[in-house]
Each structure stands twice: as C-alpha cells, then as structure tokens.
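Presented below is the structure to which this report refers.
The values are calculated or read from the model by the stated rules, or taken from the named source; none is laboratory data. Bear in mind the structure is a predicted one, so any value in this text is a computation, not a measurement. Here the Cβ is made from the backbone with ideal geometry for all residues, glycine too, and neighbour counts use every protein chain on show.
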Amino acid sequence: MSGYQNHTNYFEYIISAGKDHLKHKFLDSAGGLFWAVFNPLFQIILFSLVFSNIFMPEKTGLNSFDAPYVVYLCIALVPWLIFSESVYESTNAIMDNGYYLKKMPLPTWIFVAKCNLAFFIYSCIGWICVLVFSFIMGVQPTLWWLISPFILLLFQLLAFGITLITSVLNVFIKDTSHGTALLLQLIFWSMPLVYYVNIVPLILRTIIDYHPVYIYLNALRSLIIKGECPSPLLLLACVVIPFVLIWIGISLQKHMEKDVRDII
Amino acid sequence: MTDKLLEIQNIYKKFYLYSSRLRRLFNALGLCSKGSKTQEIQALKDITFDLAKGECLGIIGPNGAGKSTLLKIISGCMVPTDGNVIQRGRILSLLELSAGFNLSLTGRENIFQSGKLLGYSIEELDRAIESIEAFADIGKFFDLPIKLYSSGMFARLGFSMYSHLPCEIFIIDETFAVGDIFFIQKCFLKLEDLMKQGQSILLVTHDMNAISKFCQRAMLINEGALEYIGDPKQAISQYYHLERSGKRVDDSKSNKNDPELQEQITQEMFPWPETSESCDMNSLGLRNANYFKVISFYCCDQNLKSCNSFHPGEKLLVFYEVEIVKFIGVPIGSIAIWNEKNISIYGKSTYQTKEANKKPLQSGQRLRFMHEITLSIAEGVYTIELGMAGIPEETLGQLDVMSDEMVHSQIIPDAVTNKATAFSVMFGSTRNIENSHHGLVNLKSSIKTYISNKE
C-alpha cells in the first residue's frame, strides 16, 4: 500500500504538533496563559472553600495524610483535571483531524498521540506549580518527589490508551464524546479526590485502593505528602494497565481503519 | 527494472450503508452478520492501469464516477475493498483545495506541519520554503492563518507546496477550477517542468484542454468502471458522448446502427456519416415536439467521423434527420452554439440559407440536414442547440421584402433542445492550427494597410 512515511517522521510530527496544539490552545486566546492557570485554580479554590471551611475535615480526624487539605486536594485534583480534559479532547482527535486524514495517508493514532502529548506537557507545567505550592505550604521534599513525573507520565499513557479506543468509537457513534464527559464525572466522584477516603464505608475502601484511575493519584499523594513509595503491586498495575490499553487501542485502530476512513 | 512507477491492479471499492451507526460499529468489530448491511454501493469496479516514469495520465469522467475515490485509494487515504496498489516512489497527492491544511495555522506553519506529516525532513522543507512562498505569491498572507484565505489563495498555497516538494508521482485532483488565469497558466508551466524532470503525474480535471495538452494518455471512468484508456482525444470524445447520452459507452454496441438506416444512407448522394455514433434520441429531448421526430443526430469532423474535439479553424459538421409527424409547412432546422457561460455565439436556421429545402413536406416524410460550421472560435467547451420549426411556403418566397419581426411572426416553432451535444475547441500539440483572430469568434472582417512614408 501507499503509506510511504516512516515512524520517525510521525514522532517528529507528534512532538511539534503537540507543542503547537498547546500554543494554539492557550497562547492564541486573549487571556493567554491566564486561562490555562485560572481554570484549575478556580476549581481548587472552590473545592477548598467548600470542603475545608464548611465540612472542616481536619477537625473530624478523617485526614489520613499529614498535610493541609488544600495540598491534599491540589496533588490529586490538578493531574485529574488535566487528565479528564485530555481524555475528552483526545476522544475527538480523529474527527477533529479529518481534514488531514481525508487527504493524507496517515495513521489515525498519531492525532490521538499528539493531543495526549500536548496535555502531558501541560500536566508537567501544572505539576511543577503543585510541587512549589506544596513546598510553600510546608510539605518537606524527599527524593520520592523525583519519581512523581514518571507516575504522571504513566497517568497520561493511561489517557492515551483510553482515548485510542474512545476516539475510534467516536467516529462511529458521535455520542461517545458526550458519554465520555459523563463517565469522567462519575469517575471523579468515585475517587476520594475532594473528600477523604476515611469517610468512605470500609467495604468500599478496598475497591478504591484498586481503582484503576485512583491508583495513580494515590501514588502521587503517597510520594509527595507521605514520602512513601506505593506498593510494588500498585506500581506494576500503574505500568501494565496503560500498555494493555494502548495495545488494545492500536489493534482496534488498525482493525477499523478501513471503516474509519470511509466514514470520515 | 521496470519503468512503471505505479501499478493499479484490479481495484474494487464498495461502500456500505447501514441502518444505524451502531450496527456499522458492530460490523467493523466483526460482531455482525453480513446481512446487516442495508445497501451496497460499488464505487470502483476492477480498475487496472499503470503509470510510467515521466508520464502524465489524465482521468476524466462524470461527477460521481469514482475518480476521487480512486485517487484516495492510490494516495493511501482510503483502503480498497480488493486489489493492489504497487508504487515505486513517493506519492504526493493534492486532493482538492485545502490539501490537508489546518485553518488555525499560518501558510508557512501549514507547509511545515503538512510537510512533516508527508514524511519530509525539516531540512528538505527549509530548502523548499522560499520557492514555495515565491510561487504561491500571496504576499503577507503567507504568514497569516489560512482561515483568512480566499479559495484562490488556498489553491495557490496547496499547489505551490505540493509541486515544490520532491516526489516521483504527483496526483492532482481538481485544483485548477479556482484561481485566476495567471495562476492557472503558472501551474501548467510548472507541470510541464515537473514532467521534464521525470515526475509522473495523475491529473483529474474537467478541463478537457488540460487533458488534451498535458496528458500522453487519458482514462475515462464511468460508474466506477474503466471505460477507456488511451489517446486523450478519443477519451474526451467518449466523455462528451457519455455526458450527453447519460449512458455508458460501448463501442461494439454503439457502432451498430439500424441496418435499414445504413442501407438508406449509402443510397443517398447527400453526404452522411456512415459509421459514427448517433446521439441517443431519447436523451436528445426535443421538448414539446408535436410536428417532428428526430431520427438521428451526428456531430462529426470533416471526414464524417463522430468527433467532439476540434482545433480552432476545423470544420464541425452536424447531421440530423427528422421525420414529419404532422404537417407544418416548410420544415426549418436550426443549430445554435452556446459557450460555457451560456452565451449564444452562433445560430443559423435553414431559411437563412439558399441551399436548404424550400418545399413543404407531408407527414411521414423524412428530411436530412447537414450543417457545416468552421470553428473560428476561441478555445473552450461548447454545447449545440437543435431547434425545429416550420414556415409557410409563401413566406419563404417573400423573405427579401419582409422585416425580421414579420418573418419571426410567420415561423411556427415546434421543439428545441439545448443540449444536443457538447464539443470542445482546443489547441493541439502540433500547433498546426488556425491563427486568424483573437477573442471569442472570428467576425467577418477585413484589414487593409497603406504605407504612409513621410514625403
């Protein structure tokens, strides 16, 4: 068949297009980076006000992490917000790049990869802010902090794996992106991100410990606040789950390429 | 080592329609039975051809014939249902105007973005960018987001980029339709240049002049099937026949005229095409014909061969035969030629010539017409309008003393068709053509000169 390009060129494209994606997402708007920072900041302020002042969880002894609530919140919420936005946008990646796919012999997965890369860069910037904020709030840095970017990378690979699947489904069923948004809300509230895990009934806590999305966020909290490494089993899960999903996603994209191109 | 850069082997393409998208998804996942497809559209049927190094192959056909689908399959943007595409070299496809550009990026950014996607290195793109910018000639717009571009600018940027990147096979689909005349000329010069450099070109266009000028071979696709491949002039002729009749061309069938009619033709002294294909009388569509029935209609060259492609100055012969259904006096046949912009550039009726029949005919009688026209007209595509009418015999005898209005008031119009057939006038590769005038038509004129030396 015709595809003449090699994967090296695709990776070059993914890297440069990922940077361009971020640039156009934030720098081209009138508010510039303001909006990039404001959106998660606003949510952090909102959740902090509601949960730390109204429910005052520190006083109830529910906090198993020895850190202010706002730090506890930020460490999980910032990566989650970027993750969820990444999943939502990447689900539309194939449809959004139809103008390329209609006219160039390109594999569909590169557009999903480009979108995820852009969000990984965004996530790294956000994470630096979180670390600086945690330090200011009195959390002592440890060597485990250096491991956190790898967890962040695995978290983004999880998003990549998920969106390789959802982006193809979205070509066939337009409602996929709406369904994804709804599912992200459900996943958000199913994890102790804004509330403490101790308020969850005991029977559910074990399930939460193995929540396929929460394991990454919990790992980040353990690394930063407790200065502890998550259990090897959880770390293994953090590595295996994204790669299994990526394998399924790429296989699905290849299997359905003919139909995807016909529809686009 | 073969010099065929591209081999297309038995390409088939089917599109399926499903009752729902969910069903389509299940089918793509292999979870549905074959019977779940509600409708099947055969877009391409057994297409086989090849492209040699340095060759320009034109692809023509009516809208929806499958040309763009074929190009998408060759480019790798679509997967064939069956068949193989063997390529020996890099293919660049300029499929439609926007050529895979991102509207939010500038022209320059798009060149790099698309260039990288097409497999070119930054160094290659850096080398080409200046010549791309110069060729596109869109000034400051080159560094502005392309959402601000006009369609002409899109065409300029797309063609400029694709024609300046190194490749072995260049595919162009309908990119000359927009853009001003200067740009189109520039594009064709560039194409000539690329061909000289040994690049092979696949050109899809409705511009028959371009096919005639640039292609060594042309292929006609209709309803997904390859109807003809070979001489561009023949392909164009078959295309016009197809367009007019709305049917597939089958030489073996279309050359079989009615034997009885053939017998009559050879018996007459009146020149008449012997083997040409007559137009489909049903599709000729003489509207409201009460007095006439058209038996045959031919568009020929001076050798009485069916022809739809002429050079300026050549003779076009229109033959048609009608049967009188009801008495209408002296039958009048008229031919008019219209250009692409629907402007009538010529029209003449039999009552305006001395040689034509001046006698009234009874019902059941047949009359043959031969209309000879010297095509001293500009290059372009034209349609022929056939009109039939009647005029009282007495009126014909008094034409010299009657005003135009009076003559027109005496004519009994019967039927007219504005799409009897189409033909094109184009400069040939030999350049052995009439160079008698500039402009749309060669008006009857004379030029005199006088050397007025100062005494």
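Residues in the range B:112-131 that are at the interface with chain A (Cβ under 9 Å from one of its Cβ atoms) and either touching a residue at least 60 places away in the same chain (Cβ under 8 Å) or assigned to a helix (DSSP H, G or I) (or both): B:112, B:113, B:114, B:116, B:117, B:122. Has the range B:114-128 got at least one residue that is among the aliphatic types (A, V, I, L, M), at pLDDT 85 or above and touching a Pro at 6+ places or on another chain (Cβ under 9 Å)? The answer is yes, given that some residue of the range B:114-128 is among the aliphatic types (A, V, I, L, M), at pLDDT 85 or above and touching a Pro at 6+ places or on another chain (Cβ under 9 Å).
Within the range B:93-111, restricting attention to residues that are aliphatic (A, V, I, L, M) and touching a strand residue (DSSP E or B) at 6+ places or on another chain (Cβ under 6 Å), which residue is farthest from the other protein chains (Cβ to nearest Cβ)? Checking each candidate, the answer is B:94. Within the range B:186-207, the residues that satisfy the criterion of being crowded, with 20+ Cβ neighbours inside 10 Å and either of a type in the set (S, T, N, Q) or farther than 19 Å from residue B:94 by Cα (or both) are B:199, B:200, B:205.
Here's the yes/no breakdown for (1) crowded, with 21+ Cβ neighbours inside 10 Å; (2) more than 15 Å from the chain's Cα centre (by Cα); (3) of a type in the set (A, V, I, L, M, F, W, C):
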site: A:95; (1), (2), (3): no, yes, yes
site: A:106; (1), (2), (3): yes, yes, yes
site: A:117; (1), (2), (3): yes, no, yes
site: A:140; (1), (2), (3): no, yes, no
site: A:145; (1), (2), (3): no, yes, yes
site: A:150; (1), (2), (3): no, no, yes
site: A:162; (1), (2), (3): yes, no, yes
site: A:181; (1), (2), (3): no, no, yes
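Filtered by the rule that a residue be in a helix (DSSP H, G or I) and touching a residue at least 40 places away in the same chain (Cβ under 8 Å), the range A:208-217 gives A:216, A:217.
Scanning for something touching a residue at least 24 places away in the same chain (Cβ under 8 Å), away from chain B (no Cβ under 14 Å) and under 15 Å from the mean Cα position of the chain (by Cα), does the range A:190-201 turn up at least one residue? Yes, there is a match, as at least one residue in the range A:190-201 is touching a residue at least 24 places away in the same chain (Cβ under 8 Å), away from chain B (no Cβ under 14 Å) and under 15 Å from the mean Cα position of the chain (by Cα). Within the range B:334-355, residues that are farther than 15 Å from residue B:379 by Cα reach partners that are among the basic types (Lys, Arg) with beta carbons closer than 7 Å, at six or more positions or on different chains, in the pairs B:334/B:348; B:335/B:348. For the list (1) assigned by TED's automatic domain parsing to the domain that holds residue B:320; (2) closer than 30 Å to residue B:214 by Cα; (3) at pLDDT below 80, I need the number of the one condition that residue B:381 fails. Evaluating residue B:381 over (1) assigned by TED's automatic domain parsing to the domain that holds residue B:320; (2) closer than 30 Å to residue B:214 by Cα; (3) at pLDDT below 80 leaves (3) as the failure. For residue A:210, the stated conditions do not hold, so it cannot be described as within 20 Å of residue A:45 (Cα to Cα), of a type in the set (Phe, Trp, Tyr) and at pLDDT below 90.
Just give me the residues in the range B:57-92 being within 7 Å of chain A (Cβ to nearest Cβ) and touching a helix residue (DSSP H, G or I) at 6+ places or on another chain (Cβ under 9 Å), in sequence order. Once the filter is applied, which keeps residues that are within 7 Å of chain A (Cβ to nearest Cβ) and touching a helix residue (DSSP H, G or I) at 6+ places or on another chain (Cβ under 9 Å), the range B:57-92 yields B:77, B:78, B:79, B:85, B:87, B:91. Restricting A:87, A:78, A:70 to residues that are β-branched (Val, Ile, Thr), in a helix (DSSP H, G or I), touching a residue at least 40 places away in the same chain (Cβ under 8 Å) and surrounded by fewer than 21 Cβ atoms within 10 Å (Cβ to Cβ) narrows the list to A:70. Counting only residues that are in contact with a helix residue (DSSP H, G or I) (Cβ under 6 Å, 6 or more places away or on another chain), within 14 Å of another protein chain (Cβ to nearest Cβ) and over 12 Å from residue A:245 (Cβ atoms), the range A:162-182 holds 9 of them. For the range B:156-190, a tally of residues being modelled with pLDDT under 85 and among the aliphatic types (A, V, I, L, M) returns 5. When the residues of the range A:223-257 are filtered to those that are surrounded by 18 or more Cβ atoms within 10 Å (Cβ to Cβ), in contact (Cβ under 8 Å) with a residue 60 or more places away in the chain and closer than 26 Å to residue A:71 by Cβ, the one that is nearest to the other protein chains (Cβ to nearest Cβ) is A:238.
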